[in-house]
Amino acid sequence: MPDTLSRTLAAISPVDGTLRKKALAHLDNLTKPRGSLGRLEETAARLFCIADGQAPGVDPARIFTCAGDHGVTAEGISPFPQAVTRQMVANFLAGGAGVNALARTAGVGLTVVDAGCAGGEFAPHPSLVSAKVMPGTANLAVGPAMSAAQCQQAVETGIRLADAAAAEGARCLGMGEMGIGNTTPSTALFCAYLGFTPLEIAGPGAGLDPAGVRKKVEVVRKALWANDAAVSGGDPLEILAALGGCEIAVLAGLVLGAAANRLPVVVDGFISTAAYVAAWKMHQDVADYAFFSHASAEHGHVMIMEALGARPLLHLDMRLGEGTGAAMAIFVLRCAAAIFNDMATFEKAGVSTHAS
């Protein structure tokens with residue numbers, strides 16, 4: 001019997017591109033100059049195609065903020081101690097983090113996932129999913145971050161989260177993460193998947209100074225060398241296991257699960273983009289369902305967007321992560337659906353379409 005990952009990959013199919021023409025014709029017949037709502041119209045057309053020609057919509061929407069720790073912090077690549085991951089999970093659950101404030105403002109649900117935090121289990125909480133694969137990954141600078149089996153377990157956790165959300169009626173999923181040191185595995189993944197060099201992609205993360213960034217570059221180089229067999233082999237799951245993190249793997253599964261359920265998924269920032277690329281390498285049709293929330297201020301993100309042929313919805317110099325950009329971008333998607341569904345046509349409104 002096929003495993004969850006294999007069944008999900010088999011269930012993913014592209015959207016019906018022929019619906020785009022119908023969507024654009026409808027948008028052109030609304031009471032506005034043609035194309036005057038810019039990328040909202042492009043977004044609305046994409047949502048119409050994802051909805052298979054039905055009225056587009058994104059509500060109810062839910063963000064999954066996935067947390068995990070990283071053994072590579074032993075290399076001194078973060079200005080914050082590893083304990084901050086666990087402290088921030090507690091902050092998410094108490095409602096005090098940036099993503100909490102923005103999700104509340106946008107009217108978006110938030111679920112926190114312990115994918116691989118160091119330490120024991122968190123106390124039960126209605127917003128918490130306990131799905132710990134391991135209490136933090138191994139140091140990817142000296143060998144694989146996790147085994148292929150552990151990585152697949154994390155990916156399948158993300159798939160099951162997407163499946164459950166879809167079964168509960170969610171119409172849009174958002175990605176968010178927390179993990180001290182996780183820009184380092186993300187940088188390594190971008191190098192392995194997209195052919196960048198560490199020097200091109202490595203940035204300050206949570207606040208490294210220039211010397212710290214140079215050290216991060218060297219650590220990523222060590223990681224790529226230590227895991228050369230996986231990188232050279234080209235298998236997306238093996239690469240994710242060698243260089244990724246538990247939270248990154250869960251988010252990759254969330255992308256796959258969203259696509260299999262024909263749900264739009266909003267990709268939040270640098271680390272979530274690394275998770276997206278892992279999913280995209282497993283099945284490129286996930287691109288039809290993905291919206292990139294914002295242009296991260298993290299060094300290298302603009303080159304990554306160019307490599308993917310992607311255009312983020314927002315440009316606000318943000319680099320927090322957590323799902324903050326996803327919360328804001330889901331509101332933009334909601335606006336796109338609203339113009340498609342709620343604006344009057346020229347005929348209905350009695351508005352002339354051209355000068356007499």
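The values are calculated or read from the model by the stated rules, or taken from the named source; none is laboratory data. Note that this is a predicted model, so its numbers are computed, not measured. Every residue, glycine among them, receives a Cβ derived from its backbone with ideal geometry; neighbour counts consider all protein chains shown. Quick note on the areas: whole protein, heavy atoms, side chains included, nothing else; ligands and nucleic acids left out. Shrake-Rupley method; radii C 1.70, N 1.55, O 1.52, S 1.80 Å.
Suppose we keep only residues that are among the small types (G, A, S), at pLDDT 95 or above and surrounded by fewer than 24 Cβ atoms within 10 Å (Cβ to Cβ) within the range 281-298. Which one would you say is nearest to L9 (Cα to Cα)? Working first, answer last.
Filtering the range 281-298 for residues among the small types (G, A, S) gives 287, 290, 293, 295-297.
Those still in the list that are at pLDDT 95 or above too: 287, 290, 293.
After this cut, where a residue has to be surrounded by fewer than 24 Cβ atoms within 10 Å (Cβ to Cβ) as well, the list is 287, 290.
Values: A287: 13, A290: 16 Å.
Across the range 281-298, the extreme among qualifying residues is A287.
Among the residues of the range 167-181, are any at pLDDT 95 or above, crowded, with 24+ Cβ neighbours inside 10 Å and either of a type in the set (D, E, K, R) or assigned to a helix (DSSP H, G or I) (or both)?
The answer is yes, given that some residue of the range 167-181 is at pLDDT 95 or above, crowded, with 24+ Cβ neighbours inside 10 Å and either of a type in the set (D, E, K, R) or assigned to a helix (DSSP H, G or I) (or both).
Go through the range 6-40 residue by residue and tally those that are in a helix (DSSP H, G or I) and surrounded by 21 or more Cβ atoms within 10 Å (Cβ to Cβ).
Step one: of the range 6-40, the residues in a helix (DSSP H, G or I) are 6-11, 19-28, 38-40.
Checking which are surrounded by 21 or more Cβ atoms within 10 Å (Cβ to Cβ) leaves us with 8, 23, 27.
Of the residues in that region, 3 qualify.
Each row is one residue, and each column tells you yes or no for (1) modelled with pLDDT under 95; (2) out of contact with any Gly (no Cβ under 7 Å at 6 or more places or on another chain).
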position: E247; (1), (2): no, no
position: I271; (1), (2): no, no
position: A279; (1), (2): no, yes
position: M305; (1), (2): no, yes
position: D342; (1), (2): no, yes
position: E347; (1), (2): yes, yes
position: S352; (1), (2): yes, yes
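Collect the residues in the range 12-35 that are over 18 Å from A51 (Cβ atoms) and over 29 Å from the mean Cα position of the chain (by Cα), keeping them in residue-number order. Quick ask: steps written out before the conclusion?
So in the range 12-35, the residues over 18 Å from A51 (Cβ atoms) come out as 28-29, 31-35.
The answer is D28, N29, T31, K32, P33, R34.
Can you list the helices (runs of 4 or more DSSP H) found entirely within the range 212-289 that contain at least 3 residues being under 16 Å from S147 (Cβ atoms), touching a strand residue (DSSP E or B) at 6+ places or on another chain (Cβ under 6 Å) and of a type in the set (D, E)?
Numbers: elements: 228-233, 236-243, 246-260, 269-282.
Of the helices (runs of 4 or more DSSP H) lying wholly inside the range 212-289, none has at least 3 residues that are under 16 Å from S147 (Cβ atoms), touching a strand residue (DSSP E or B) at 6+ places or on another chain (Cβ under 6 Å) and of a type in the set (D, E).
I'd like to know if the range 66-81 contains one or more residues that are under 30 Å from V351 (Cα atoms), touching a helix residue (DSSP H, G or I) at 6+ places or on another chain (Cβ under 8 Å) and crowded, with 19+ Cβ neighbours inside 10 Å. Give the steps one after another, and end with the answer.
First, pick out the residues of the range 66-81 that are under 30 Å from V351 (Cα atoms): none.
No: zero hits.
Is at least one residue of the range 138-152 at pLDDT 95 or above and farther than 23 Å from D228 by Cα?
At the first step, the residues of the range 138-152 found to be at pLDDT 95 or above are 138-152.
Within this subset, residues satisfying the condition of being farther than 23 Å from D228 by Cα are none.
No.
Looking at (1) within 20 Å of the chain's Cα centre (by Cα); (2) open to solvent by less than 20 Å² (accessible area, probe 1.4 Å); (3) over 13 Å from L173 (Cβ atoms); (4) among the charged types (D, E, K, R), which is the only condition D268 fails?
(3)
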